[in-house]
Amino acid sequence: MRPRYRSPVVTGQLNLPFDPIERAAKTWRVHFGPSSAMAAVTSIMRAQQILLSQLDTLLKPHDLTFARYEALVLLTFSKTGALPLSRIGERLMVHPTSVTNTVSRLESAGLVRRMPNPRDGRGVLAEITDRGREVVRGATADLMEADFAMPMYGEDELDQMFDLLRTLRVAAGDFMDGD
């Protein structure tokens, strides 16, 4: 395991003298019964808040949020550097309104451009620009250097975490579990 890590990008640290989720779980048990699921869900939700804050802080110098970064990376991974907005939403697992908002902000920043989908006269493609590719490279370097704000975990722990959360995603119907 890696040495204990305290992120330099954490904002709004609570620094409480106790774990409020653990305390809530004890109280939950007294009032309602088993608390393992409640404690796990609450911990996941808090971890999501922490990670999103840290990742957005790391990406701020690039004028990106994590959602915009994900969209740019997805376009970078595509063969042509362009994808239909519907495909972006599907791959990022977000609502079409969120995709439209994300692409609009990226377009305003000159990181993507919209163009008609040649395969579908009604559809719209988002295409990454050269500037968008530069920004992705710089942002990715910063995220990699910070281990995506998770350097307190070793590779085995990260793999275990992925596997545990993958089970939840399969159960929710995100994808078919074909290993």
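The values are calculated or read from the model by the stated rules, or taken from the named source; none is laboratory data. Predicted model, so just to flag it, every value in this text is computed and none were measured. Every residue, glycine among them, receives a Cβ derived from its backbone with ideal geometry; neighbour counts consider all protein chains shown. What goes into the accessible areas is simple: the full protein's heavy atoms, side chains included, and nothing from ligands, DNA or RNA. Shrake-Rupley method; radii C 1.70, N 1.55, O 1.52, S 1.80 Å.
Take segment 125-166 and flag every residue that is in contact (Cβ under 8 Å) with a residue 12 or more places away in the chain and of a type in the set (S, T, N, Q).
Correct list: 129, 140.
Scan segment 77-87 for residues that are under 21 Å from residue 62 (Cα atoms) and assigned to a helix (DSSP H, G or I) and jot them down.
Within segment 77-87, just 77 meets the criteria.
Would you mind stating whether residue 10 is within 19 Å of the chain's Cα centre (by Cα), at pLDDT below 95 and either outside any helix (DSSP H, G or I) or loosely packed, with under 13 Cβ neighbours inside 10 Å (or both)? Steps first, answer last, please.
Values: within 19 Å of the chain's Cα centre (by Cα): yes; at pLDDT below 95: yes; either outside any helix (DSSP H, G or I) or loosely packed, with under 13 Cβ neighbours inside 10 Å (or both): yes.
Yes, satisfied.
When you check residue 58 against the structure, is it at pLDDT 95 or above, crowded, with 16+ Cβ neighbours inside 10 Å and over 30 Å from residue 22 (Cα atoms), yes or no? Reasoning before the result, please.
Working: at pLDDT 95 or above: yes; crowded, with 16+ Cβ neighbours inside 10 Å: yes; over 30 Å from residue 22 (Cα atoms): no.
The answer is no for residue 58.
All but one of (1) in a helix (DSSP H, G or I); (2) under 20 Å from the mean Cα position of the chain (by Cα) hold for residue 64, so report the exception by its number.
(1) is the only condition that residue 64 fails.
Test residue 45 against the stated conditions and say whether it is of a type in the set (A, V, I, L, M) and open to solvent by 90 Å² or more (accessible area, probe 1.4 Å).
Values: of a type in the set (A, V, I, L, M): yes; open to solvent by 90 Å² or more (accessible area, probe 1.4 Å): yes.
Yes; evaluated as a whole, the condition is true for this residue.
Given the conditions (1) of a type in the set (A, V, I, L, M); (2) over 24 Å from residue 169 (Cβ atoms); (3) open to solvent by 70 Å² or more (accessible area, probe 1.4 Å), and given that residue 24 satisfies all but one, which numbered condition is not satisfied?
For residue 24, the failing item is (3).
Could you list, in sequence order, all residues of segment 61-87 that are on the phi < 0 side of the Ramachandran plot, touching a residue at least 24 places away in the same chain (Cβ under 8 Å) and open to solvent by 40 Å² or more (accessible area, probe 1.4 Å)?
61, 62, 67, 68, 76, 80, 86
Which pairs have Cβ atoms under 7 Å, sit 6 or more apart or on different chains, and link a residue in segment 27-41 that is open to solvent by 50 Å² or more (accessible area, probe 1.4 Å) to one that is assigned to a helix (DSSP H, G or I) and among the polar types (S, T, N, Q)?
Filtered contacts from segment 27-41: no entries.
Give the number of residues within segment 24-34 that are outside any helix (DSSP H, G or I) and either within 27 Å of the chain's Cα centre (by Cα) or not small (Gly, Ala, Ser) (or both). First the steps, then the outcome.
First, pick out the residues of segment 24-34 that are outside any helix (DSSP H, G or I): 32-34.
Within this subset, residues satisfying the condition of being either within 27 Å of the chain's Cα centre (by Cα) or not small (Gly, Ala, Ser) (or both) are 32, 34.
Qualifying residue count, segment 24-34: 2.
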